[in-house]
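Input: a single structure, listed below in structure tokens.
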Amino acid sequence: MGGDTGEPVRLLALGGGYRLQIQPESVDVHRFGMLIDGARAIKDPNVRAARLAEALALWQGPALADAATGSMRERLCGSLEEARFAAITDWIDAELAAGRHGELVGELSRLIDEHPLRERLHGQLMIALYRCGRRADALEAYQRARRLLVAELGLEPGQQLRELEASIITDTARTGAAIDQQTARTAVPVVPAQLPPGVADFVGRTSHLRQLDALLGPEARATATVLAVITGTAGVGKTSLAVHWARRVSERFPDGQLFVDMRGFHTGPPMSPVEALALSLGALGVAAERIPISVDAQTALYRSMLVGRRVLVVLDNVADADQVRPLLPGDPGCLMLVTSRDRLSGLVALDGAHRLKLDVLPAADAVDVLAHAAGADRVGVDRDSAVELANLCGHLPLALRIAGARLADRPHLDIRRHVEELAARGPMSQLRVDGDGTATVRGAFDLSYQALPAEAGQVFRMLGLVPAPAGLAATAVAALTGLPADDVAPLIDALSRFHLAEITADGRLVCHDLLLEYAGQLAAEHDAPVERNAAIDRLLLFFLHTTGQAATALNGLSRLRLPADPPPAGVSPVQFPKRARLGSGSPSSGRT
């Protein structure tokens with residue numbers, strides 16, 4: 001770390017870890033970014049060169065050279081090394097603009113030895129040699145660059161390098177800020193078209209498509225960028241809906257469509273806003289070396305590029321609101337569509353997002369999905385079995401497509417046999433496509449489960465121990481887990497937040513059938529038999545004592561009943577008002 005701001009450095013204990021609290025300008029990487037961004041706004045080449053040199057002086061060698069190696073270092077430090085290279089070439093531009101070309105020839109030759117395929121360096125060397133009066137050497141430098149590019153990549157030099165060679169041949173090369181003009185040309189806005197292919201047999205979702213269409217009205221887009229969020233459980237078809245609608249309305253956004261997978265629920269690390277902004281700026285025509293380093297400067301440039309343009313931005317698989325806000329366009333002509341397993345309540349509360357929640361498909365649409373994947377004729381022969389198969393898949397689009405693909409792979413197997421196989425072995429173990437690690441229902445659920453806090457994960461596993469199609473009241477969930485009701489409430493909310501369970505209007509916790517089966521598998525894998533048995537015992541005792549409390553409230557003590565032991569620790573039965581009629585109390589007090 002470098003730089004002394006006078007502010008104290010604090011090490012704070014937070015939860016199970018620590019946080020180092022320090023001013024950004026006291027950290028080399030942040031100071032480097034601020035110096036670079038500031039330098040690029042300076043017109044005087046001498047001052048700009050000095051500021052860039054100050055930023056580069058902060059480097060003591062390769063980033064994290066002693067802390068990480070191999071692919072980990074490449075993943076963590078690739079963008080830093082690229083930023084350093086961009087700063088070096090910016091410094092060379094400033095030095096050339098200041099007239100110090102003679103001192104640069106040796107430095108550029110050394111850099112080309114280290115980075116032989118960087119065309120910008122070859123162009124800078126050609127200009128430095130030309131301005132030193134060494135036109136023949138400048139042309140020879142071009143030929144060396146050409147031979148390298150053809151030998152290593154099989155490519156001819158780019159248009160800019162070819163134009164520079166032609167201007168040197170005709171002795172008309174610019175001797176001022178030629179490099180700045182050259183790179184400025186690469187920032188001419190382009191029209192990105194990044195939407196992935198849509199699903200050919202898209203089914204249903206008519207009401208959701210109408211809701212999205214309504215966002216295109218002039219009154220909805222009068223003063224601000226429209227932000228829409230599609231949420232729902234894993235495999236429910238959020239991305240399919242987003243891409244289908246985006247392709248359907250792409251002509252309404254003639255300045256382009258951006259698409260970024262934010263990898264929020266993914267086996268690897270999520271995409272940072274810095275990475276996403278760099279990708280989007282590149283797609284909008286900004287050369288890599290002109291992209292700022294800090295997220296604030298990137299956001300400012302990104303929004304400037306979108307002013308006056310009608311661009312559709314789709315952010316898929318978002319983890320949290322912090323991934324979205326830096327990429328939210330500022331111009332009301334744009335629209336952003338986000339998909340996530342998270343509710344993203346912060347975007348609704350603070351950013352005015354319109355939220356669309358996807359549920360499983362209706363029965364008829366679910367059978368149509370099977371028909372598209374397995375063949376309409378095949379489903380038509382035994383529609384009753386197809387309906388039963390759709391029910392076993394819980395009407396979940398991902399499960400339906402996998403089941404349909406398995407049928408298509410087995411033309412000799414009728415649908416009835418497939419239904420019997422799934423029922424006997426359990427859908428979760430069968431709903432996968434061999435040879436494709438992404439086509440598995442359990443794999444999709446795993447990514448949601450892994451996002452849960454550990455305590456919420458335990459609550460989810462316990463739900464898989466009992467068949468409760470109508471769901472459980474929060475008091476029953478507390479007994480099942482052995483936690484106090486106040487402690488279990490935020491854990492239930494976490495399950496709802498990631499759509500691993502739903503909270504009904506009367507406060508019951510309900511899980512999709514496939515999710516319940518998945519939770520049971522997790523419990524068998526992670527919880528000892530004695531713990532699982534104890535959880536079931538607590539729930540049964542909760543029901544027994546709650547029933548006893550209800551009987552006492554209805555009948556008083558006039559009827560003889562066998563004495564019952566007091567409820568054990570972790571079981572708090574529902575208390576009913578005495579002499580109340582069943583159901584006359586509040587719904588939450590009388591339902592279990």
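The values are calculated or read from the model by the stated rules, or taken from the named source; none is laboratory data. No experiment lies behind these values; they were computed from the predicted model shown. Counting neighbours? That spans all protein chains shown, and the Cβs are built from the backbone with ideal geometry, glycine included. The protein model used for the area step is the full one, side chains on, heavy atoms only, and it has no ligands, DNA or RNA in it. Shrake-Rupley method; radii C 1.70, N 1.55, O 1.52, S 1.80 Å.
Data overview
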| item | result |
| --- | --- |
| Close pairs (6 angstrom Cβ cut-off, 6 or more residues apart or separate chains): charged (D, E, K, R) in the range 346-361, part of a helix (DSSP H, G or I) anywhere | 355/348 |
| Odd one out for residue 316 among (1) within 20 Å of the chain's Cα centre (by Cα); (2) of a type in the set (Asp, Glu); (3) open to solvent by 40 Å² or more (accessible area, probe 1.4 Å) | (3) |
| Residues being within 9 Å of residue 366 (Cβ to Cβ) and open to solvent by less than 10 Å² (accessible area, probe 1.4 Å) - total across the range 390-399 | 3 |
| Tally of residues being part of a loop (DSSP other than H, G, I, E, B) and of a type in the set (A, V, I, L, M, F, W, C) across the range 476-486 | 1 |
| Sole exception among (1) open to solvent by 60 Å² or more (accessible area, probe 1.4 Å); (2) modelled with pLDDT under 85 for residue 180, by number | (1) |
| Helices (runs of 4 or more DSSP H) fully within the range 333-431 counting 1 or more residues that are more than 22 Å from residue 513 (Cβ to Cβ) and within 24 Å of the chain's Cα centre (by Cα) | 345-351 |
| The listed residue being basic (Lys, Arg), at negative phi and surrounded by fewer than 16 Cβ atoms within 10 Å (Cβ to Cβ), out of 303, 383 | 383 |
| Qualifying residue in the range 487-504 (condition: open to solvent by less than 50 Å² (accessible area, probe 1.4 Å), assigned to a helix (DSSP H, G or I) and more than 24 Å from residue 344 (Cβ to Cβ)) | no |
| Top-ranked residue of the range 33-44 - restricted to ones that are assigned to a helix (DSSP H, G or I) and open to solvent by 30 Å² or more (accessible area, probe 1.4 Å), ranked as farthest from residue 94 (Cα to Cα) | 34 |
| Test for residue 104: is it open to solvent by less than 50 Å² (accessible area, probe 1.4 Å), under 14 Å from residue 88 (Cβ atoms) and modelled with pLDDT of 90 or more | no |
| Residues of the range 268-286 satisfying the condition of being in contact with an Asp or Glu (Cβ under 9 Å, 6 or more places away or on another chain) and not in a helix (DSSP H, G or I) | 270, 271 |
